[in-house]
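Structure record follows, encoded as structure tokens.
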Amino acid sequence: MIRVLKPHADKRSAERFVCAFRASDPKIERKVVMEKTVMNVKGMTCNHCVQTIKGALGAVPGVQQVDVLLEKGEVTVAYEESKARPAQFKEAVEEAGYEVA
């Protein structure tokens, strides 16, 4: 079971929220601080580009979700704050052959 405990937005294009993961044993609960950040990516022109970006970012440890808006060149990444950093996302996108604006 996953539930959002505390949403929090700041002035950046990032969103922080805390999730609680409950195992089958109700005594076990793990809280994870999640971040959501938005990047502008240049060079995406088709669905193959979208899949490439999703694959590159999805391979970064701690990334939970990647959403791409091809028309806007916008990529949203939801990730565990303790396992990933935005600098890793920029590196992954650039290694895939795209530019982060």
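Out of curiosity, is Pro86 free of Cβ contacts under 8 Å to residues at least 40 places away in the same chain and either in contact with a strand residue (DSSP E or B) (Cβ under 9 Å, 6 or more places away or on another chain) or basic (Lys, Arg) (or both)? Answer is no for this residue.
The residues in the stretch 44-82 that are under 14 Å from Val100 (Cα atoms), in contact with a strand residue (DSSP E or B) (Cβ under 7 Å, 6 or more places away or on another chain) and exposed (fewer than 15 other Cβ atoms within 10 Å of the Cβ) can be counted, and the count is 0.
Bear in mind that the values in this text are calculations on the coordinates, not laboratory data. Predicted model, so just to flag it, every value in this text is computed and none were measured. All Cβ positions, glycine included, derive from the backbone under ideal geometry; neighbour counts span all protein chains shown.
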